[in-house]
Amino acid sequence: MRGPGAWWRGKSTPAKVETYTRWSFHSFPLIEVGGFGVPLFGQVPTRHASWFFVLLCAHGALSSFTVSRALDGVRGSRAQPIRLLWALGVLTALVGCVAMLLARSANLDDEARTALGGVFGGVLIFGIGTLALGVHSRRRLLALIMVFAAGGGASALAVGADVVSALAALVAVLFGTTIISFTSYFSAWLLKAVYELEDARETRARLAVAEERLRFGRDLHDVIGRNLAVIALKSELAVQLARRERPEAVEQMIEVQRIAHESQREVREVVRGYREADLGVELSGAQGVLAAAGIDCSVDGADTAGLPGEVQSALAWVVREATTNVLRHGNADQCAVVLRVREGQVVLTVENDGIRAGGGEEAGAGRSVGSGAGTGTGAGTGAGTGSGSGLAGLRERLAVVDGTLEAGPVDGEAFRVVARVPLGSAGSMDSAGPTGSVKAKGAGSASRGAGAAVGSAVVRESAS
């Protein structure tokens, strides 16, 4: 069941910053109308307050519309609304002048004049604050502030105010517009910087995946390139000898067969490091990737030194794909990974609070990201049995070590994945003798080289 904050949690960090910025500036017209326009009805004669209130509402509506278009221009989704900014500037000056003229009317008392003077300053301050969203140069922004401050002082003198009152109006407008204008300017800069950082993160992830693909290609070339060249030469030699009915052709083909088998073995060794995953590397990688995505991730019981190699590899795939599903399909704020050894079995639990309405994450978990991780590491479809997708792929991997997998929502507020692997059969296979120990150690060291690539692949999937 979706809570009241699900809409907010479903947004990315840049989208949250943009939403906060937009509604902060949309509150300016509300403050302007509610804080300066409504009190006029108790301080200024109704016939003056009514039409001036309508004028303030028109200024607030134009300001709100300008905010939307100006922030779209900051995001780059549309061109900056130059004409709209000019219209708002003219209307701001007009409303300020009308307020000053009305304040200097002879038939108003001091309370009414004070209220209209506040309207004069408020309209100029909030108007300039909105205009600052469309100004991308600090010099132009300073010039705009100085022009309006000087205009405020000059308009006060023009309607008959004394020098002290005009100077006070100039200082008030200058101080207020400077604060709110530079607040608007840096808010727009911050919004743009957040999106640029998000784009840079996506670019970095894509470059990491591309680099890993190149490395995998180089490894394959170095391993089988020479052997393929030898096979081609010996096959050509065998053809020539066979045409001459020489018995040496058989020996050459036997040598070709031997080299081909050797090449197969070497390719399997190269791919092995991509197929197998180290549980310790995956746990620390998951914590780092989720933290980078703004998700608080806790890992409890991360000591995997005593676990058999097959168990580590199977559980590492669970961590990898569960982490990627949290990034792709959930709206999580927190994720907890717990690894326990009890009653002769290893229990891995991955739980997050980002379940979506309608079982969105459950469906997401059914669409494994294993293929994405495989692409990132270059393993592709060569990840062996169980490299398919989703929960079915994880269950196939765990079945090799007699493990089980449970996944689903918990109390409608969290999504939990629980993998259980018995230590009996896996432990005997891996600890039967020195060979088993060396194998487990070799698997861990071989997979460490692919750890960074796996993390890059997960980042790529979360950015998409």
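None of the figures in this text is laboratory data; all of them are computed from the coordinates on show. Because the structure is a prediction, the values reported are computed rather than measured. Backbone-built Cβ (ideal geometry, glycine too); neighbour counts: all protein chains shown.
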(message) Please compute the length gained on full extension between A58 and I82, using 0.36 nm multiplied by the number of residues separating them and subtracting their Cα-Cα distance.
(response) 6.7 nm
(message) What's the ranking of 23-35, 123-135, 60-72 by average number of surrounding C-beta atoms within 10 Å, highest first?
(response) 123-135, 60-72, 23-35
(message) Could you tell me the calculated FRET efficiency between I31 and V410, based on Cβ-Cβ distance and R0 = 51 angstrom, to the nearest 0.05?
(response) 0.70
(request) Above 27 angstrom, tally the Cα pairs of the stretch 38-182 and express them as a % of all pairs, no decimals. (result) 22 percent
(request) Stick to the Cα atoms of the stretch 126-197, pair each with every other, and give me the Kirkwood hydrodynamic radius in Å at one decimal. (result) 12.9 Å
(message) I need the phi-derived Karplus couplings for the stretch 228-242: 6.51 cos²θ - 1.76 cosθ + 1.60, θ = phi - 60°, integer Hz, Gly and Pro marked x.
(response) 5, 5, 5, 4, 4, 5, 5, 5, 5, 5, 4, 5, 5, 5, 5
(message) Viscosity 0.692 mPa s, temperature 37 °C: what is the translational diffusion coefficient of the stretch 189-254 from Stokes-Einstein with a Kirkwood Rh over Cα pairs, rounded to a whole number of µm²/s?
(response) 205 µm²/s
(request) For the stretch 178-314, count the residues as N, evaluate 2.2 N^0.38 Å, and divide the Cα radius of gyration by that value, please. (result) 1.91
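Taking a ≥ b ≥ c as the square roots of the Cα gyration tensor eigenvalues, with a/c under 1.5 meaning rounded and otherwise prolate when a/b beats b/c, else oblate, which class fits the stretch 1-117?
Working: a/c = 4.03, a/b = 1.89, b/c = 2.13.
Taking the square roots of the gyration eigenvalues as a ≥ b ≥ c, the stretch 1-117 is oblate.
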(message) If I model a spin label at Q43 and T19 as a point 7 Å from the Cα along the Cα→Cβ vector, what separation in nanometres do I get?
(response) 3.6 nm
(message) Could you check the spin-label model distance between T203 and E255? Points 7 Å from the Cα along Cα→Cβ, value in nm.
(response) 5.2 nm
